[in-house]
Amino acid sequence: MKSWMWLLCWEVTCPMLSKLALRNAKRSMRDYSIYLLTVTIAFSLIYAFNMIVFSNDIQSLNRIMGSLPFAIVFISIIVIAVIEWLVHYMNRFMLEKRSKELGTYMLLGISNRKISKMVMVENMIMGAAALIAGLIAGTFLYEILTMVVMNVFDVRYTVKVGFSLPAVLLTVFYAILIYAFSMIRMRKRLKKVKICDLIYAEKQNETAVISNKKDHWTLCVVSTALIVSGCALLYITFHNRDFFSPVFLLVAFVLIIGGLYGVYITLAAFLVKVFLGKNERKYSKDNLFIYRNLSAKLKTMSITIGTLAMLLTLTLTCLQSAMLFNQFFELSALNRTSFDVQISTKDTSLFADAEKYFRDTRGIAESKQLPIYSCGQDTLIHTLGVDTYAETDYAISYSDYSSIRKIMGYDPVNLDETHYILHSYAEYKRVADAKGNMPYTINGVTLTLQNTDDSPLSLSGNIGVGYIIVLPDEIAAGLEVDYTTLVIDTKEETTVEDQKYLDVLYEENPEIDSLTTVEWDTKGSAISDSKASIILLGFCLYYTGLIFICTAATILTVQQLSEASKHRFRYKILSKLGVEDKKISRLVFRQLLLYFGVPLLLPVPLSIFISSCIRNLIMSLITPAVFWSSIAVGLGIFLLIYILYFAATFVGYKRSVL
């Protein structure tokens, strides 16, 4: 008796079905090349990042890079879910377009089971083609990513086309998961479908999610309220750290996503009301043709458009956040170590060994010991709203401040006897500038604010915490020294090895009392950590954003190219009525521009709002100029990819209808 495995293989390899499967797969690759290209891009990214997971060269660059594999695996789970949704959506879409063909197969006596297996073989062929192409492209993409990482860390790297068996096996496993879930659901559907349903599928009218006008406006109001509520909760969560909670964040995003779906379900009715409500607007130029086509599509695709809007919102947020965090990590490295070496402690005798080491290894261009004074009050902590562990305001004398400004290469500043200078993070500078004079009384003398500065100055604990007050020398001399900071400007750049030397010197030195607090840092180590953080977070966000935008744009493209062949007769009628090809081309352009533009109506402002909320977490270093430049770059990257898909759609659509 034949085993079921043998029977399955026999049925799949049946000559007629095999030829049909191969022919249909080739035809689908041609007709849905954009979809196949997107899946190939997805597999190439997955494979390239899997190679990074198993790359010892990249992980050894910095201790933070050791977390990169875990982050990539976590992001890959999200990516797999999105790609699986794309594959399932496209399989369902292609089956609907081939309904008459499949119905004909059934009329010829081919069973549902055999048709199901044939379609599965087609998908396996397409998936295998995309996977093989993705593995080849991913190999070169990995080399590009590796060169980027090595260049960021200033490490010499020779390009060599490598092969990672674990990365290949992991990518193949991901691909099997993606296609397995889709084919299981597709097989269940094909086993139950009837001939009449397939034969007459194209003649069935598409139905809207909501047909009652009253229900439309009710849902519109409710959806708008959900989005507003979600945004308000998001704003409160990010702007009040007492309320910051993963639960609140989840609820906020659920409200926003629910609102997005509701708004796009009602958007078609809104477009009809606004653009086609009056006869003079309805019959003006070609408005009736364009907006009727668009509103009909939005009615029947409202759930899909809502999903695409969610993906586009996440895409824009990922890209903008990646730019924000890149800027933050760069600025935080400069603020953490403005000098090549800095060591802070109450016991100044601990500086000697470190000074000798850097004099012998890197050479010392300039060095200075800076007494950091305790003001004995926390006036500015409350006035500026500083979130800090410090219990008092810290100050530095004007003469010492002038000296370190000279070391840093900053312009010299003057200080009047009755004034003080505030050097702080950008966030606190904005507060101080808004408040004005900000009188400050110390040792019976009232001083007024003369100037503020937010240039990098090691304000993360070595020279104040978030800010430092610059006092006239005679006033500073009457204060108690809380600790002293040694700053060194070396002739050669410091490295991570210098940081390791200081770690051993101060952590393992038995002569240092356990109660003695010593803080130390080197610019080389801080910059290395900053670069690793940029790579870690940037890779994950760009990876996710690229997959999301390709998925959303692919569905928009395939839908329109499919409609082009289906509705070619409409444009033939226009041509027979005397409309020139040039005008039809403009008509197609306007129609596609609206179709690609509608899903962006809410995602663009929503993503900017979410990014502004995220910015609040790192506001101490991110100025408005830095924020808006990050938003602009993120939008620019997004629009570049989006426009490429739009251009491909326009060219394909125009070729189909003209």
In segment 463-499, which GluC sites (Glu not before Pro) fall in coil by DSSP and have 14 or fewer other Cβ atoms within 10 Å?
492, 493
3J(HN,Hα) from dihedral phi, segment 568-584, Karplus parametrisation 6.51/-1.76/1.60, rounded to Hz, x for glycine, proline
4, 5, 4, 6, 5, 4, 4, 5, 5, 7, x, 6, 6, 4, 5, 6, 4
Quantify, in whole percent, the carbon and sulfur part of the accessible surface of the chain (1.4 Å probe; protein heavy atoms only).
62 percent
Amide H contacts under 5 Å for residue 366, restricted to residues at least 5 apart in sequence or on another chain and with H modeled in the peptide plane, are 489
Please compute the Cα-Cα pair-distance distribution of segment 448-536 with 5 Å bins starting at 0, giving whole percents from short to long.
2, 9, 15, 19, 19, 14, 11, 7, 2, 0
May I ask you to list the residues of segment 432-457 whose amide nitrogen lies under 20 Å from a point 7 Å from Cα along the Cα→beta-carbon direction of residue 414?
447-453
Calculate the FRET efficiency for residue 389 and residue 23 from the Cβ-Cβ distance with a Förster distance of 51 Å, rounded to the nearest 0.05.
0.15
Report the local net charge at residue 361: Lys and Arg +1, Asp and Glu -1, summed over other residues whose C-beta lies under 14 Å from its C-beta.
-3
From the Cα trace of segment 362-443, what convex hull volume per residue do you get, rounded to a whole Å³?
140 Å³
Report Rg (one decimal) and Dmax (nearest whole number) for segment 298-389, counting Cα atoms only, units Å.
24.8, 77
Could you report segment 78-120's accessible area per residue, 1.4 Å probe, as an integer in Å²?
36 Å²
Can you give me the distance in nm between label points at residue 100 and residue 242, each placed 7 Å from the Cα along the Cα-to-Cβ direction?
6.8 nm
What is the antiparallel percent of DSSP beta bridges lying wholly in segment 405-489, to the nearest 5?
60 percent
What distance in nm lies between label points placed 7 Å from Cα along the C-beta direction at residue 185 and residue 542?
3.2 nm
Among residues other than residue 28 whose Cβ falls under 11 Å from its Cβ, what is the net charge (Lys/Arg +1, Asp/Glu -1)?
+4
Sparse-neighbourhood loop hits (chymotrypsin sites (Phe, Trp or Tyr not before Pro), segment 361-406; DSSP loop; Cβ within 10 Å at most 14 others) -> 389
For residue 573, project a label point 7 Å along Cα to C-beta. Then give me every residue of segment 589-624 with its amide nitrogen under 18 Å of that point.
591
Quantify how much of the Cα-Cα distance distribution of the chain extends past 51 Å, in percent.
29 percent
When every alpha-carbon pair in segment 311-455 is counted, what percent end up more than 21 Å apart?
58 percent
Roughly how many Å is it from the Cα centre of segment 314-338 to that of segment 433-503, as a whole number?
24 Å
Tell me the per residue accessible area of segment 403-442 using a 1.4 Å probe; a whole number in Å² is fine.
51 Å²
Considering only C-alpha atoms, what is the centroid distance from segment 359-429 to segment 576-601, in Å?
61 Å
For residue 419, what residues show an amide H to amide H distance below 5 Å, using hydrogens built from the backbone and excluding near sequence neighbours?
448
Count charges around residue 422 for me, please; just the other residues with Cβ under 13 Å from its Cβ, Lys/Arg as +1, Asp/Glu as -1.
-2
From the mean inverse distance of alpha carbon pairs (Kirkwood) and the Cα radius of gyration, derive Rg over Rh for segment 10-138.
1.13
Taking N as its residue count, the alpha carbon Rg of segment 401-506 over 2.2 N^0.38 Å:
1.24
For n ≥ 4 DSSP H runs only, could you compute -39500 (n - 2.57) per run for the chain, divide by its residues and tell me the 222 nm figure to the nearest 500?
-23000 deg cm²/dmol
Once amide hydrogens are built 1.01 Å from N within the peptide plane, the residues lying 5 or more places from residue 520 or on another chain with amide H under 5 Å from its amide H are 344
Mind putting together the pair-distance distribution for segment 602-658? All Cα pairs, 5 Å bins, whole percent per bin, short to long.
4, 16, 19, 17, 12, 10, 8, 7, 4, 3, 1, 0
Would you mind checking the radius of gyration and Dmax of segment 468-615 based on alpha-carbon positions, in Å?
31.6, 96
How much area per residue is accessible in segment 485-611 when the probe is 1.4 Å and only protein heavy atoms are counted (Å²)?
44 Å²
Only bridges whose two residues both fall in the chain count here: according to DSSP, what percent of them are antiparallel, nearest 5?
80 percent
Starting from the Cα-Cα distance between residue 441 and residue 78, subtract it from 0.36 nm times their residue separation and give me the gain in nm to one decimal.
125.1 nm
Counting all Cα-Cα pairs in segment 539-658, those more than 19 Å apart amount in percent to 57 percent
Figure the gain on full extension for residue 481 and residue 585 (residue separation times 0.36 nm, minus the Cα-Cα span) and round it to one decimal in nm.
29.8 nm
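The values are calculated or read from the model by the stated rules, or taken from the named source; none is laboratory data. Keep in mind the model is a prediction, meaning the values are calculated, not measured. FYI the Cβ positions are ideal-geometry reconstructions off the backbone, even for glycines, and counts take in every protein chain you see. The protein model used for the area step is the full one, side chains on, heavy atoms only, and it has no ligands, DNA or RNA in it. Shrake-Rupley method; radii C 1.70, N 1.55, O 1.52, S 1.80 Å.
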